[in-house]
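Engineer: Have a look at the structure that comes next, please.
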Protein chains: 4
Amino acid sequence: MSSFQPKNPDYRAVATDMFERQRAMQTLGISIARLEPGEVELAMSYSPDFTQQNGFVHAGIITAGLDNACGVAAFTLMPAGCDILTVEFKTNLLAPAKGERFAFRAHVVKPGRTLTFCEAGAYALNDGVETLVATMTGTLMALQGRE
Amino acid sequence: MSSFQPKNPDYRAVATDMFERQRAMQTLGISIARLEPGEVELAMSYSPDFTQQNGFVHAGIITAGLDNACGVAAFTLMPAGCDILTVEFKTNLLAPAKGERFAFRAHVVKPGRTLTFCEAGAYALNDGVETLVATMTGTLMALQGRE
Amino acid sequence: MSSFQPKNPDYRAVATDMFERQRAMQTLGISIARLEPGEVELAMSYSPDFTQQNGFVHAGIITAGLDNACGVAAFTLMPAGCDILTVEFKTNLLAPAKGERFAFRAHVVKPGRTLTFCEAGAYALNDGVETLVATMTGTLMALQGRE
Amino acid sequence: MSSFQPKNPDYRAVATDMFERQRAMQTLGISIARLEPGEVELAMSYSPDFTQQNGFVHAGIITAGLDNACGVAAFTLMPAGCDILTVEFKTNLLAPAKGERFAFRAHVVKPGRTLTFCEAGAYALNDGVETLVATMTGTLMALQGRE
């Protein structure tokens, strides 16, 4: 359960709308599985279209899911009328992204007026077993006055 | 001009083959524009399919291009019979990825028997002007004996 | 409680010895407060000798504590006869490092034969209140055959 | 030669003053060797007080030098009356920090009103040979209205 108090009572609608305007998420088949203030889980099915040379999901695609999870998590805590952009992230790849489905779970560690710091994990679901395949730490920035 | 001496005389064919076996690269429309020992440039056209909420290319897609550029650059210096995986990378997003075409340029900074360190930049080409939109530093690992 | 099984039954003595051979740790006044397989807490008192322009502890010193916490945590899970080196780390600075004492807590997320991935947090203790001031994610490498 | 135009004509005095108010720099024996708009080189002599278990300079100390080089480089381009803080950095360790002297060279890649992105390298000087031992990419933040 999240311990953050959203500044925007419409955080759910606004964060969902921001997510749905990202064509990349539709193309990659990524959807919102769970959304709380400062926390989000995204879901993606395996597709051979996004694989690297060994048939696993490409690290860049895993990163796209992680980055978006961080962005949506951060966005739920921003005031109304903001836009958001990613400043930086680091991804550590821990295991091959081999699975039927993938979950990208992010949470806000430190919200801020300008910068928000998030952590996220990418999990592969394979034969009922969940494996942490990658982690991200990232900094997101609120752009104010974009009503 | 590259100053590295490849260990594998077939580096060009082997690196190109590894790249072409990545379905994600075809799906994203990324191709090799230039390939030297320890250096590579990849090219991508803009596609609305891979955009974020403001119509710019998604940071995860830019990262996929950067990561692959690092991987191919590192792979050109690895001995025959290796496979390669990404250990980690950090991406800093410096400007909106707005352009008609994109170039991902990577070079090896420090090759090693096990680990290779690379730097890369993503450039947007817009109305004839080139802008640095993101940078990556990354660590790649050689997996030996995968003949 | 740690869930890792150390490969080296002498992990405690070996990790403590490695820590104590680091002159930098003595100079910075950093000591081991807690040590379990794959987990460590280091402690440091505030000293004006290691401050930045506003009298807070310098980010590089905080990083030295975090890096060492990751190194010791990783080292507890390595086999006998290894040496260890840091491959890379990222530090995110979340709040001014203002406090009387500091704790650096690290744990192994993914141990590996060659590479081990760790996460760590730096906490400032100020008037009885603990604040997360920085986080680290880092990759450590085992160098084998250094008996 | 630097291509940046400083906003503060007193950039040299202000950046030098900020550096000199950092007690950590004196304790570590780090000084400014060269300072241009958006570029800086710091110098440090080897001291056994700041070594790790093999007698090389500790990665955290190398990071302190790199971080400060980035901070000073970024600060030269900020307007008068700012303070500066580090948001994040990643350090990649490429070779043992073994040398008689060390140089930390940073330059601004992308200055910004709020955030500035820098790259830096740490070089060991050993028997007249210079070796790149670590790199940093980092994000610095201007805090305005701190006259």
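The values are calculated or read from the model by the stated rules, or taken from the named source; none is laboratory data. Since the model is a prediction, treat every value here as computed from it, not as a measurement. Reconstructed Cβ throughout: ideal geometry from the backbone, glycine too, with neighbour counts over all protein chains shown. Accessible surface is based on the protein model in full, side chains and every heavy atom, while ligands, DNA and RNA are left aside. Shrake-Rupley method; radii C 1.70, N 1.55, O 1.52, S 1.80 Å.
Engineer: With a 1.4 Å probe and all protein chains left in place, how much of the accessible area of chain C comes from carbon and sulfur atoms, in whole percent? All intermediate terms of the calculation are to be shown ahead of the outcome.
Structural biologist: Details: 2880 of 5810 Å².
The computed percentage sits at 49.
Engineer: As a test of the formula, what do you get for the protein assembly as shown when each DSSP H run with n ≥ 4 contributes -39,500 (n - 2.57) and the sum is divided by the residue count, at 222 nm and rounded to the nearest 500 deg cm²/dmol? Don't skip to the end; give the middle numbers.
Structural biologist: Working: 12 runs with 132 residues, N = 588.
-7000 deg cm²/dmol, from helical runs alone.
Engineer: What is the list of residues in the range C:8-43 whose amide nitrogen lies under 15 Å from a point 7 angstrom out from the Cα of C:Leu125, following Cα to Cβ?
Structural biologist: Only C:30-35, C:41-43 fall inside the zone, counting backbone N under 15 Å.
Engineer: I've got another one for you. Considering only protein heavy atoms, what per residue accessible area in square angstrom results for chain C with a 1.4 angstrom probe?
Structural biologist: Heavy-atom SASA per residue in chain C reads 40 Å².
Engineer: If the elastic network links every pair of Cα atoms under 10 Å, which of A:Pro48, A:Pro37, A:Pro79 fluctuates the most in the Gaussian network model of chain A?
Structural biologist: Ranking A:Pro48, A:Pro37, A:Pro79 by mean-square fluctuation puts A:Pro48 first.
Engineer: What's the local net charge at C:Gly55, with K and R +1, D and E -1, over the other residues with C-beta under 11 Å away?
Structural biologist: Numbers: positive: C:Lys98, D:Arg21, D:Arg23; negative: none.
The answer is +3.
Engineer: Sorted by accessible area (1.4 Å probe), largest first, how do B:Tyr123, A:Tyr11 line up? Don't jump to the answer; show the numbers that get you there.
Structural biologist: Values: B:Tyr123 55, A:Tyr11 35 Å².
Of B:Tyr123, A:Tyr11, the descending order of accessible area is B:Tyr123, A:Tyr11.
Engineer: Let me ask another. At 7 angstrom along the Cα-to-beta-carbon line, where would the label on B:Arg34 sit relative to the other copies? Give the distances in nm, shortest first.
Structural biologist: Once sorted, the set of distances for B:Arg34 reads 2.6, 4.8, 5.4 nm.
Engineer: Using the crude model of +1 on Lys and Arg Cβ and -1 on Asp and Glu Cβ, and no other charge, please compute the dipole size for the range A:5-147 relative to its Cα centre, in debye to 20. Provide the component values of the computation, followed by the final result.
Structural biologist: Numbers: 12 positive and 15 negative charges, 49 e Å.
So the dipole magnitude of the range A:5-147 works out to roughly 240 debye.
Engineer: Continuing with the same structure: With +1 on each Lys and Arg Cβ and -1 on each Asp and Glu Cβ, and nothing else charged, work out how big the dipole of the protein assembly as shown is about its Cα centre, in Debye to the nearest 20.
Structural biologist: On the way: 48 positive and 60 negative charges, 0 e Å.
That gives a dipole near 0 debye.
Engineer: Continuing with the same structure: Taking beta carbons within 10 Å but only from partner chains, what does the mean come to for residues C:135-143? Don't skip to the end; give the middle numbers.
Structural biologist: Values: counts 6, 1, 10, 6, 7, 0, 4, 0, 0.
That average works out to 4.
Engineer: If one puts a single equal scatterer on every Cα of the protein assembly as shown and applies the Debye formula without solvent, what log₁₀ I(q)/I(0) results at q = 0.11 Å⁻¹?
Structural biologist: One equal scatterer on each Cα of the protein assembly as shown leads to -1.03.
Engineer: OK, next. Which residue, chosen from A:Phe75, A:Gly99, A:Ala13, occupies the Cα position most advanced towards the positive end of the dipole of the range A:11-144, where the dipole is computed from +1 (Lys, Arg) and -1 (Asp, Glu) charges on Cβ about the Cα centre?
Structural biologist: Checked the options; the winner is A:Phe75.
Engineer: OK, next. If we hang a label 7 Å off Cα along the beta carbon direction at A:Thr114, how far is it from the matching labels on the other copies, in nm, shortest first?
Structural biologist: 0.7, 4.0, 4.1
Engineer: Tilt of helix B:59-75 relative to the longest C-alpha principal axis of chain B, in degrees (0 to 90, nearest 10)?
Structural biologist: That helix lies at roughly 20 degrees to the long axis.
Engineer: Provide the buried accessible surface between chains B and A in square angstrom, both chains summed, 1.4 Å probe, rounded to the nearest 100. Working shown, then result.
Structural biologist: Values: alone 7810 and 7810 Å², together 12950 Å².
Heavy-atom accessible area buried at this interface is about 2700 Å².
Engineer: Projected onto the charge dipole of the range C:11-144 (+1 at Lys/Arg Cβ, -1 at Asp/Glu Cβ, origin at the Cα centre), which of C:Asn126, C:Ser31, C:Val87 gives the Cα projection farthest towards the positive end?
Structural biologist: Selected residue: C:Val87.
Engineer: How well do other chains shield peptide D:65-73, expressed as the mean number of their Cβ atoms within 10 Å of each residue Cβ? Could the numbers behind the result be given before it?
Structural biologist: Values: counts 1, 2, 9, 4, 0, 0, 5, 0, 0.
Per residue, the number of nearby Cβ atoms from other chains is 2 on average.
Engineer: Just to confirm my numbers, what's the Cα centroid distance between the range D:16-46 and the range D:82-128 in Å?
Structural biologist: Taking the Cα centre of the range D:82-128 as reference, the centre of the range D:16-46 is 12 Å away.
Engineer: Once the label point is placed 7 Å from Cα along Cβ, list for D:Ala13 the distances to the corresponding points in the other copies, in nm, shortest first.
Structural biologist: Result for D:Ala13, in nm, nearest copy first: 5.6, 6.2, 6.7.
Engineer: Here is a further query. Identify unpaired cysteines across chain B, taking unpaired to mean no other cysteine Cβ lies under 4.7 Å from the residue's Cβ.
Structural biologist: B:Cys82 - these cysteines have no disulfide-compatible partner (Cβ-Cβ under 4.7 Å) in chain B.
Engineer: I've got another one for you. Return the subset of A:Lys98/C:Lys90; A:Lys90/B:Lys110; C:Lys98/D:Lys90; A:Lys110/B:Lys90; B:Lys90/C:Lys7 for which the Cα-Cα distance in this structure is over 29 Å, preserving the input order.
Structural biologist: On the way: A:Lys98/C:Lys90 26 Å; A:Lys90/B:Lys110 19 Å; C:Lys98/D:Lys90 22 Å; A:Lys110/B:Lys90 20 Å; B:Lys90/C:Lys7 31 Å.
Over 29 Å Cα-Cα: B:Lys90/C:Lys7.
Engineer: Here's another thing I want to ask about it. What angle do you read, to the nearest 10 degrees and between 0 and 90, between the alpha-carbon axis of helix B:11-20 and the longest principal axis of chain B?
Structural biologist: Relative to chain B, helix B:11-20 is tipped by roughly 50 degrees.
Engineer: Ignore the peptide's own chain and count Cβ atoms of other chains within 10 Å of each Cβ in D:23-31; give me the average, rounded. Could the numbers behind the result be given before it?
Structural biologist: Numbers: counts 9, 13, 6, 1, 9, 6, 0, 1, 0.
Mean shielding by partner chains, rounded to a whole number: 5.
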